[in-house]
1. Could you pull out the trypsin sites (Lys or Arg not before Pro) across region B:365-474 that fall in loop regions by DSSP (anything but H, G, I, E, B) with no more than 11 other Cβ atoms inside 10 Å?
2. What is region B:485-616 by shape, rounded, prolate or oblate, if you read a ≥ b ≥ c off the alpha carbon gyration tensor as root eigenvalues and call it rounded for a/c under 1.5, prolate for a/b larger than b/c, and oblate otherwise?
3. What FRET efficiency, computed as 1/(1 + (r/R0)^6) with R0 = 25 Å and r the Cβ-Cβ distance, is obtained for B:His329 and B:Thr229, rounded to the nearest 0.05?
4. Which of the trypsin sites (Lys or Arg not before Pro) across region A:21-99 are loop residues per DSSP, with 15 or fewer other Cβ within 10 Å?
5. Order these peptides, A:144-157, B:272-285, by their mean beta-carbon neighbour count within 10 angstrom, highest first.
6. Once label points are set 7 Å from the Cα along Cα→Cβ at both A:Lys26 and A:Phe7, what is their separation, rounded to one decimal in nm?
7. With loop defined by DSSP as not H, G, I, E or B, and exposure as at most 15 other Cβ atoms within 10 Å, which is the longest segment of chain B clear of exposed GluC sites (Glu not before Pro)?
8. Between helix B:285-334 and chain B, what is the angle of the helix's C-alpha long axis to the longest principal axis, kept within 0 to 90° and rounded to the nearest 10?
Amino acid sequence: MLWLLFFLVTAIHAELCQPGAENAFKVRLSIRTALGDKAYAWDTNEEYLFKAMVAFSMRKVANREKTEISHVLLCNVTQRVSFWFVVTDPSEKHTLPAVEVQEAIRMNRNRINNAFFLNDQTLEFLKIPSTLIPPTDPPVPIWIIIFGVIFCIVIVAIILLILSGIRQRRRKDKGPSEVDDTEDKCENTITIENGIPCDPLDTKGGHVNDAFMTEDERLTPL
Amino acid sequence: MALAPGPDPLGDGSGDERPKWDNKLQYLLSCVGFAVGLGNIWRFPYLCQTYGGGAFLIPYFIALAFEGIPLFHMELAIGQRLRKGSIGVWTTISPYLGGIGLGCFTVSSLIGIYYNTVLTWVLWYLLNSFQNPLPWSACPPDRNRTGFVEECQRSSSVSYFWYRQTLNVTADINDSGSIQWQLLVCLVASWAVVYLCIIRGIETTGKAIYFTALFPYLVLTIFLIRGLTLPGATEGLTYLFTPKMQILQNPRVWLDAATQIFFSLSLAFGGHIAFSSYNPPRNNCKKDAVTIALVNSMTSLYAAIIVFSVLGFKAANDHGRCLDRNILHLINAFDFPDQSISRDDYAAVLAHLNVTQPERVAGLGLESCRLEDFLDKSASGTGLAFIVFTEAILHMPGAPGWAVLFFGMLFTLGLSSMFGNMEAVITPLLDMGVMPRWVPKEVLTGVACLSCFLASIHFTLHSGNYWLEVFDRYAASLNLVIFAFLEVVGIVYVYGMNRFCDDVAWMTGRRPSLYWRVTWKVVSPLLLLTIFVAYIALLARVPPSYRAWNPQYDQFPTQQENVYPGWVQVTCVLLSFLPVLLVPAVALAQLLVRHRRKKKDALQDMHLKPQDSGAC
């Protein structure tokens with residue numbers, strides 16, 4: 001009798017969990033890709049852990065707090081490693097709707113990944129899309145910071161060059177006027193244009209030669 | 001034809017206030033920096049790759065010997081002799097030929113406007129390289145964070161970063177969009193850097209050139225060491241440099257070699273004339289010309305080695321990942337254990353499976369992974385720098401450092417070329433005395449930079465990339481060839497070959513040999529004429545079209561081939577021919593002025609004849 005019951009249960013379970021069955025999900029693991037030499041072998045103990053994680057995720061969903069490990073069925077485990085799983089309700093006759101399972105797995109994806117030292121790419125749930133990490137944008141984009149630094153340096157350098165240019169020009173202008181100063185101490189105001197003092201005759205402080213002036217007046221205008 | 005009297009060779013005191021180079025090295029570095037530009041990195045390797053690898057070097061060096069070096073020597077000699085910028089030189093040779101100088105000046109301004117936009121893009125990438133991971137390494141997630149942005153998914157993260165996040169390009173040149181503010185900000189910065197370096201003419205350029213001309217060589221050497229040690233580099237080098245001699249039968253190869261050497265040396269811009277006008281009069285310009293031209297070509301070759309080794313690495317990498325994708329398909333479909341098929345076993349396993357279960361294998365949709373296919377992928381211009389190279393850098397360890405070095409190198413390369421460009425614009429303005437003498441030089445350079453900046457704002461629009469291609473293809477190419485032709489003809493036949501040879505003998509101490517005379521008189525003009533005719537023939541054959549980045553296109557990510565709308569075609573024609581029309585326009589204007597002056601002189605003579613007394 002007991003054997004009959006056992007066979008019945010196994011048969012029902014076999015029907016519930018099949019590749020492509022309703023509410024069943026395929027899972028694919030790439031342990032060697034993720035861990036390389038430190039890869040562990042996939043055996044029944046790992047399967048037990050997986051069932052435990054799925055049951056844990058389901059228990060976090062409302063109305064499903066009574067999910068047990070035995071309610072999670074695994075089948076078709078291949079060498080890949082890939083397998084199918086379903087979650088049944090307490091009666092063990094029906095499977096839970098795919099939407100609920102999907103929701104539960106998505107909420108706890110990180111915990112499941114970490115339990116197996118894998119990530120979203122190496123532990124794939126084939127019909128459950130993973131939520132991507134949002135890009136961590138710093139409050140000020142880095143390029144603006146570096147741009148600000150470079151631009152400030154350039155502007156300061158331009159201003160320095162312009163100022164030094166003005167100073168150089170002023171020194172050059174003052175140069176020839178200083179030469180005149182040593183010759184003539186009398187004059188105070190000299191109009192300098194292009195380094196050449198204007199009206200050098202006037203600043204000589206000489207006297208007007210009347211004879212010269214009258215000679216000029218004698219000439220008939222053109 | 002009335003020739004203006006040449007300057008007295010011994011008493012050339014007109015250059016007493018003319019700025020001077022601090023030393024010969026500054027002058028050489030400035031010319032080298034002007035000649036060596038972005039084209040050496042992203043045009044020459046592409047031509048080498050497309051035209052049979054090592055075989056391309058044959059037409060390249062022939063063009064260098066018969067066209068590049070003679071024209072270059074001529075430009076340096078005439079600038080050094082007449083000690084003026086391009087406009088001044090041509091007005092001195094003959095007032096009727098002043099249009100050549102004016103045309104060169106116009107073309108240089110047009111090129112300066114759009115060249116700095118490329119520098120802006122390089123600066124943007126440089127600023128974005130200071131982070132890990134690099135922003136073009138991964139696609140951004142879409143709005144509900146279940147996958148990546150579709151445009152990025154279908155193309156690649158590097159293409160997405162270039163076309164969408166940098167340029168934000170529209171699908172059509174008609175659709176201008178708005179200004180991309182990030183690019184505008186970078187444009188301001190790059191014009192500020194250019195202004196900083198040319199603020200006092202060669203006084204400041206000469207100091208800046210030490211860094212901007214030498215830094216690229218340092219980076220190229222670092223990249224050479226890195227590149228040669230990358231896996232797959234040697235295969236890339238051998239494959240890409242292996243000469244395929246039969247390609248030399250294609251006339252297109254010779255045309256492209258001649259064109260490349262012409263643009264690579266930056267001839268007919270007026271920049272070299274400007275630089276050599278600041279030289280002492282007795283300087284061996286022949287040695288300078290040969291040295292600089294050879295340095296330019298060697299740099300191209302050096303850069304090609306580096307580019308090919310990086311391309312080889314990238315091809316090996318892509319090939320490996322193609323194999324990995326196929327292996328994953330096989331493992332997933334046939335449930336083999338994870339990592340059970342290595343890249344070396346793949347071929348054997350695939351063959352075995354094809355025999356045992358061919359239908360299942362066919363249904364998988366495996367890609368064909370051949371290393372030669374990846375090696376044959378070539379790119380030039382912005383595609384090489386911003387898409388191919390950025391992707392290759394992603395796979396190098398320490399990627400942000402390499403990105404910073406690479407874009408820093410591109411920026412300094414472009415900057416030293418901009419110096420020559422702006423010098424070609426500013427020196428003629430200074431010589432012509434456009435501004436009164438009391439206006440300091442800083443103001444003149446500032447005004448020049450500001451006007452170029454305002455004109456280049458157009459390229460920061462969303463359709464700016466398409467406009468840049470228009471300018472690159474039509475403003476530069478045809479005009480420069482025509483101006484170079486007119487330059488050679490003008491100097492040889494108007495200025496006089498004997499007079500020119502005398503000048504060169506006075507400057508360098510030796511008369512030009514038969515090689516120079518033959519190339520100046522016959523070979524170079526013929527080559528330039530051939531290039532011009534071939535260009536026109538090629539342009540006339542197909543209606544001008546451009547490749548647009550259109551996410552809505554059904555064959556996206558292949559770019560859509562659009563024909564230019566009518567008004568853009570008109571702009572292309574204007575850009576190609578307006579600078580050249582300046583030559584006859586100025587000649588005509590001079591003719592009219594002379595005619596009117598002759599008439600006025602004749603009238604004055606008639607009025608003055610009755611009065612004989614020499615009163616004054």
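1. Within region B:365-474, the qualifying trypsin sites (Lys or Arg not before Pro) (loop, at most 11 other Cβ atoms within 10 Å) are B:Arg370, B:Arg437.
2. On the way: a/c = 4.37, a/b = 1.70, b/c = 2.57.
The shape class here is oblate.
3. The formula returns an efficiency of 0.20 here.
4. Loop-located and lightly packed - A:Lys60, A:Lys66, A:Lys93.
5. B:272-285, A:144-157
6. The two pseudo-label positions are separated by 3.2 nm.
7. Working: sites that count: B:Glu17, B:Glu367.
No qualifying site falls inside B:18-366, the longest such stretch.
8. 20 degrees
Since every read-out is calculated from the coordinates, none of them should be taken as a lab result. What you are looking at is a predicted structure, and each value in this text was computed from that prediction instead of being measured. Positions of Cβ are generated from backbone atoms using ideal geometry, with glycine treated the same way; all protein chains shown enter the neighbour counts.
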